[in-house]
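*Asks:* Dropping the structure in here first, questions after.
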Amino acid sequence: MSAPYIETAVHLTDADQTEQHLHDTYGPVVIENGLRLFHQHLAGDEHIQLHRGRFEGSYTIAIELTQFVVASAVSSCRWEEGRDSGDMAFEPALFRPHTPYVNHLADNENRAVVFNADALQASARRLYGRDDVVLAFDGPRPATPQDGEMWLSVLDLARAQQQAGLLSNDLVRASLFRLLTVTLLDTFRLLGDRPALHASAARQQTIHRIAVDYFHDYASLPITIDDAAAAAGVATRELVAAFRASHPDDAAPTAYLRTVRLAGALDDLRNGDPTRGDTVTEISQRWGFTSPSRFAALFRATYGLTPGQVLRS
């Protein structure tokens with residue numbers, strides 16, 4: 001079930017209120033020096049949020065997150081984490097849960113993507129097909145400057161979708177969450193055997209591609225997901241995992257096969273002729289739907305028309 005969509009804006013001129021807001025949003029925060037204005041807009045859900053902020057004044061924030069945050073800034077915005085330091089104006093930075101850092105801000109605008117830690121880890125485990133993956137990164141910096149540029153390009157795409165009002169769509173938001181998750185894992189160095197992790201992800205993609213091709217080639221025949229798993233040379237459980245890794249809405253292979261068969265039935269209904277004796281029942285059974293009422297309900301939910309309307313059109 002999709003998490004409800006959230007879109008809010010905060011406009012504050014009081015440092016204490018700003019500190020409380022940031023504490024409630026991110027975790028422990030301390031603001032020092034002079035803050036004149038804090039404005040923040042966020043859009044997303046409990047799993048992922050796009051944040052856009054504007055600050056006036058020169059001040060320092062010491063913060064300890066409860067989420068994963070990838071942040072960048074329009075002008076100089078220095079940060080320090082342990083012995084490491086950088087500037088979000090020159091490259092995005094990944095700040096991790098329970099890893100304190102300090103920001104030095106002055107009359108600035110920034111952009112951030114905030115990931116729920118549990119949701120991000122679950123997504124990474126699906127992507128790699130491994131339940132032992134732990135999200136431990138070796139630092140806040142991108143692996144290479146090119147990786148940092150890649151993140152910013154994907155962030156621009158995400159912001160364009162948000163500005164077009166598309167993030168309120170559950171499927172768009174789920175797809176964006178997966179894209180940003182994949183980009184984060186490619187941009188920043190995840191501790192562990194990276195070649196093995198990439199090999200796991202590549203295997204998931206290969207299994208998914210073979211199964212999808214199999215479904216499209218043989219959907220009109222009495223195949224099952226077990227047959228698709230056999231075609232991909234894996235157990236059914238691994239096929240299910242590959243689909244979960246490859247589909248932002250966690251589509252199961254059974255649901256995907258049903259979608260392919262519905263599309264096949266739609267084509268036959270469009271090309272059918274009642275005067276030749278073509279019927280909805282015969283066409284639905286041809287595509288493996290044994291219950292006419294169930295077929296009609298699925299068809300209408302997918303296409304907004306009844307099978308009979310399409311056949312008679």
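The values are calculated or read from the model by the stated rules, or taken from the named source; none is laboratory data. Nothing here was measured: the structure is a model prediction, and the numbers come from that model. Heads up, the Cβs are rebuilt from the backbone with ideal geometry, glycines too, and the neighbour counts pull from every protein chain shown.
*Asks:* Restricting to segment 73-95, give me the number of residues that are surrounded by fewer than 21 Cβ atoms within 10 Å (Cβ to Cβ) and either under 27 Å from the mean Cα position of the chain (by Cα) or part of a strand (DSSP E or B) (or both).
*Replies:* In the first step, residues of segment 73-95 are kept if they are surrounded by fewer than 21 Cβ atoms within 10 Å (Cβ to Cβ); the result is 74-76, 78, 80-87, 89-91.
Next cut, either under 27 Å from the mean Cα position of the chain (by Cα) or part of a strand (DSSP E or B) (or both) only: 74, 78, 80-81, 84-87, 89-91.
Residues that pass the stated criteria total 11.
*Asks:* On the basis of being touching a strand residue (DSSP E or B) at 6+ places or on another chain (Cβ under 6 Å), of a type in the set (Val, Ile, Thr) and free of Cβ contacts under 8 Å to residues at least 40 places away in the same chain, does Thr18 make the cut?
*Replies:* Values: touching a strand residue (DSSP E or B) at 6+ places or on another chain (Cβ under 6 Å): yes; of a type in the set (Val, Ile, Thr): yes; free of Cβ contacts under 8 Å to residues at least 40 places away in the same chain: yes.
Taking the combined requirement at face value, the residue satisfies it.
*Asks:* Could you list, ordered by first residue, the pairs with Cβ atoms under 8 Å in which the first is in segment 48-67 and within 16 Å of His104 (Cα to Cα) and in contact (Cβ under 8 Å) with a residue 40 or more places away in the chain and the second is in a strand (DSSP E or B) and among the hydroxyl-bearing types (Ser, Thr, Tyr), at least 6 apart or interchain?
*Replies:* Taking only residues 6 or more apart or on different chains, the pairs are Ala62/Tyr101; Ile63/Tyr101.
Residue-wise test of (1) of a type in the set (Asp, Glu); (2) in a helix (DSSP H, G or I); (3) assigned by TED's automatic domain parsing to the domain that holds Leu171.
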residue: Thr206; (1), (2), (3): no, yes, no
residue: Tyr214; (1), (2), (3): no, yes, no
residue: Ile223; (1), (2), (3): no, no, no
residue: Asp227; (1), (2), (3): yes, yes, no
residue: Val240; (1), (2), (3): no, yes, no
residue: Ala245; (1), (2), (3): no, yes, no
residue: Ala255; (1), (2), (3): no, yes, no
residue: Asp267; (1), (2), (3): yes, yes, no
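*Asks:* Hey, does segment 33-40 have a residue that's assigned by TED's automatic domain parsing to the domain that holds Asn108 and closer than 30 Å to Asp186 by Cβ? Lay out the reasoning, then the answer.
*Replies:* Of segment 33-40, the ones assigned by TED's automatic domain parsing to the domain that holds Asn108 are 33-40.
Still in the running and closer than 30 Å to Asp186 by Cβ: 40.
Within segment 33-40, one or more residues are assigned by TED's automatic domain parsing to the domain that holds Asn108 and closer than 30 Å to Asp186 by Cβ.
*Asks:* Looking at (1) in contact with a Leu (Cβ under 8 Å, 6 or more places away or on another chain); (2) under 19 Å from Asn116 (Cβ atoms); (3) surrounded by fewer than 16 Cβ atoms within 10 Å (Cβ to Cβ); (4) not charged (D, E, K, R), which is the only condition Ala43 fails?
*Replies:* (3)
*Asks:* Also, quick follow-up: Any chance segment 48-63 includes a residue that's out of contact with any Asp or Glu (no Cβ under 9 Å at 6 or more places or on another chain) and not in a strand (DSSP E or B)? Quick ask: steps written out before the conclusion?
*Replies:* So the first thing to find is which residues in segment 48-63 are out of contact with any Asp or Glu (no Cβ under 9 Å at 6 or more places or on another chain), and the list is 48-51, 63.
From what's left, not in a strand (DSSP E or B): none.
Among the residues of segment 48-63, not one is out of contact with any Asp or Glu (no Cβ under 9 Å at 6 or more places or on another chain) and not in a strand (DSSP E or B), which makes the answer no.
*Asks:* So, one more: Residues Val154, Val114: which one is touching a strand residue (DSSP E or B) at 6+ places or on another chain (Cβ under 8 Å), in contact (Cβ under 8 Å) with a residue 12 or more places away in the chain and of a type in the set (A, V, I, L, M)? Spell out the reasoning first.
*Replies:* Numbers: Val154 fails: touching a strand residue (DSSP E or B) at 6+ places or on another chain (Cβ under 8 Å).
From the options Val154, Val114, the qualifying one is Val114.
*Asks:* Please work out which one of (1) without any contact (Cβ under 8 Å) to a residue 40 or more places away in the chain; (2) surrounded by fewer than 15 Cβ atoms within 10 Å (Cβ to Cβ); (3) closer than 29 Å to Ile31 by Cβ is the condition Asp107 fails and give its number.
*Replies:* (1)
*Asks:* Do we have Ala124 as over 22 Å from Ser246 (Cα atoms) and of a type in the set (A, V, I, L, M, F, W, C) here?
*Replies:* Working: over 22 Å from Ser246 (Cα atoms): no; of a type in the set (A, V, I, L, M, F, W, C): yes.
So Ala124 does not fit the description; no.
*Asks:* Can Ala301 be described as under 28 Å from His47 (Cβ atoms), of a type in the set (A, V, I, L, M) and not in a loop (DSSP other than H, G, I, E, B)? Before the answer, list the steps.
*Replies:* Details: under 28 Å from His47 (Cβ atoms): yes; of a type in the set (A, V, I, L, M): yes; not in a loop (DSSP other than H, G, I, E, B): yes.
Taking the combined requirement at face value, the residue satisfies it.
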